[in-house]
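Below is one structure, written out as structure tokens; the observations come after it.
The values are calculated or read from the model by the stated rules, or taken from the named source; none is laboratory data. From a predicted model like this one, the values you see are computed outputs, not experimental measurements. No Cβ is skipped: glycine too gets one built from the backbone with ideal geometry, and neighbour counts run over all protein chains shown. In case anyone asks, the SASA skips ligands and DNA or RNA and just uses the protein heavy atoms, side chains included. Shrake-Rupley method; radii C 1.70, N 1.55, O 1.52, S 1.80 Å.
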Amino acid sequence: MPLLVMKFGGTSVADLDRIANAAAKVKREVERGYDVIVIVSAMSGKTNELVGWVEQTSPLYDAREYDAVVSSGENVTAGLMALRLQEMGVPARSWQGWQVPINTTSAHSAARFVSIPRDNIDAKFSEGMKVAVVAGFQGLSPEGRITTLGRGGSDTTAVAFAAAFGAERCDIYTDVDGVYTTDPRISSKARKLDKIAFEEMLELASLGAKVLQTRSVELAMRYNVRLRVLSSFEDTDENSGTLVCGEEEIMESKVVSGVAYSRDEAKITLFTIEDRPGVAQAIFGPLSEAGVNVDMIVQNISEKDYDERHPGAVTDMTFSCPINQVARAQKALEEAKAEGKIRYDELIIDTDVAKVSVVGIGMRSHAGVAARMFESLAAENINIKVIATSEIKISVLIDRKYMELAVQALHDAFELEKTA
Ligand code: ADP
Ligand code: ASP
Ligand code: MG
């Protein structure tokens, strides 16, 4: 029997009516002859509420209990979805992660898949079950504890099941009708893409476009899963939405294909550090041990002996990290200073920044993208604080208050509202 994976995000299962609407979409695929694995998120807002309860109860919480609490939202929707399908006459049952079992690492709140044995679910399909409803976002550690996969993780559950069960396609139903050139909630000129290359989607996701969790795109690329994003609120068919696929399937070739943003950034500068071999290691080693995800880094050119307190060459180092890791970063740096491992005069923390990025595989073969990007930001009088580039993206850190303006200016500058 051909098999489909259908994933419904939080807004798509936000209440009983929406669960019924999603179930009707599932039933339609069953009537077309598919066995279906449905992956569900928690009802919209539920995970945030659960995280809040954990933080109120225990600010420095035990990550295992965090996962036990936070994973529970998906259990409710999985059961309700199975019940609704049964009411519609579709043979369905729910599965929590541990029942499959979805084996993961024990990195609580950021677990990764180890294996998804098919036996239990396959046995039920062969007994006539048509739909397995699986709670997204969760798994089981080798120690037998419940794990979660990081925010937005149900996308990754869906792709992992599509890979494990050889699904014909993995359909991600959400509150927008596809992947756009930028977040349609930020720019009314955003244009829906029919197709987007894995590499581009991977960059957009990792640079903040939360329509797909980054890890889900990585997995889809590795296992060549046909991944599609489409609306749970509209009538859809096999041509709806956006297909995330290999570069070779894409006809449209624009130099830049999308603009992403991330609000949750912070910038930390260490003033007057020594400029000597090993100093970067002395700074970023402790940050990495403290679990800080350092993103952009700039080191100034060296100044020499600018006063008697600083014999030898000195410089400044700036980096960015997620805003919720600032306290951890600060603690790690202050401890390294107290232990004499690093020297700096001052730590400047700026939490009012945002990252805006342009992405496109066409950048590999076209020069001038950076110049155009900087020109358009300059025209809006937006100051750039840090720049980072890779083969297919350019990111800048700017004041957060200019974020939306920057996204719109870049969308215009690269004429993303027009097709190629
Ligand atoms: P779900 O709850 O279904 O997982 P998410 O809220 O995680 O949905 O992701 C969908 C949201 O992603 C959209 O509502 C949209 O605001 C946002 N988004 C950001 N960038 C993009 C983009 N380039 N294309 C489409 N949606 C985007
Ligand atoms: N419910 C989880 C979250 O809100 C996982 C998901 O929806 O993908 O992050
Ligand atoms: Mg999501």
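Counting only residues that are under 15 Å from residue 291 (Cβ atoms) and among the hydrophobic types (A, V, I, L, M, F, W, C), which one in segment 325-339 is most open to solvent (accessible area, probe 1.4 Å)?
327
Within segment 396-414, identify whether any single residue is of a type outside the set (A, V, I, L, M, F, W, C), on the phi < 0 side of the Ramachandran plot, in contact with a strand residue (DSSP E or B) (Cβ under 8 Å, 6 or more places away or on another chain) and buried (at least 21 other Cβ atoms within 10 Å of the Cβ), and answer yes or no.
Taking every residue of segment 396-414 in turn, at least one turns out to be of a type outside the set (A, V, I, L, M, F, W, C), on the phi < 0 side of the Ramachandran plot, in contact with a strand residue (DSSP E or B) (Cβ under 8 Å, 6 or more places away or on another chain) and buried (at least 21 other Cβ atoms within 10 Å of the Cβ).
Only one of (1) surrounded by fewer than 23 Cβ atoms within 10 Å (Cβ to Cβ); (2) within 16 Å of ligand 2 (Cβ to nearest atom); (3) within 26 Å of residue 22 (Cα to Cα); (4) in contact (Cβ under 8 Å) with a residue 60 or more places away in the chain is not met by residue 154, so which one is it?
Every condition holds for residue 154 apart from (1).
Would you point out which residue out of 179, 131 is surrounded by 20 or more Cβ atoms within 10 Å (Cβ to Cβ) and within 16 Å of ligand 3 (Cβ to nearest atom)?
Values: 131 fails: within 16 Å of ligand 3 (Cβ to nearest atom).
Step by step, each of 179, 131 is checked, and only 179 is surrounded by 20 or more Cβ atoms within 10 Å (Cβ to Cβ) and within 16 Å of ligand 3 (Cβ to nearest atom).
Quickly run through segment 199-235 and pick out the residues that are assigned to a helix (DSSP H, G or I), open to solvent by 30 Å² or more (accessible area, probe 1.4 Å) and charged (D, E, K, R).
199, 203, 215, 218, 222
Report the residue count in segment 229-270 for those that are under 16 Å from the mean Cα position of the chain (by Cα) and basic (Lys, Arg).
Summing the residues that are under 16 Å from the mean Cα position of the chain (by Cα) and basic (Lys, Arg) in segment 229-270 gives 1.
Is there a residue being more than 16 Å from ligand 3 (Cβ to nearest atom), open to solvent by 40 Å² or more (accessible area, probe 1.4 Å) and in a helix (DSSP H, G or I) anywhere in segment 33-48?
No, there is no match, as no residue in segment 33-48 is more than 16 Å from ligand 3 (Cβ to nearest atom), open to solvent by 40 Å² or more (accessible area, probe 1.4 Å) and in a helix (DSSP H, G or I).
Can you tell me which residue in segment 373-392 is modelled with the lowest pLDDT, limited to those that are of a type outside the set (Val, Ile, Thr) and open to solvent by less than 30 Å² (accessible area, probe 1.4 Å)? Even if it seems obvious, please write down each step before you answer.
The first filter runs over segment 373-392 and keeps only residues of a type outside the set (Val, Ile, Thr), leaving 373-381, 383, 385, 388, 390-391.
Next, only the ones that are open to solvent by less than 30 Å² (accessible area, probe 1.4 Å) stay: 373, 376-377, 388.
Values: 373: 97, 376: 97, 377: 97, 388: 92.
Among those that are of a type outside the set (Val, Ile, Thr) and open to solvent by less than 30 Å² (accessible area, probe 1.4 Å), it is 388.
Being more than 18 Å from residue 29 (Cα to Cα) and open to solvent by 40 Å² or more (accessible area, probe 1.4 Å) is true for just one of 238, 249. Which residue is that?
Sole residue among the options that is more than 18 Å from residue 29 (Cα to Cα) and open to solvent by 40 Å² or more (accessible area, probe 1.4 Å): 249.
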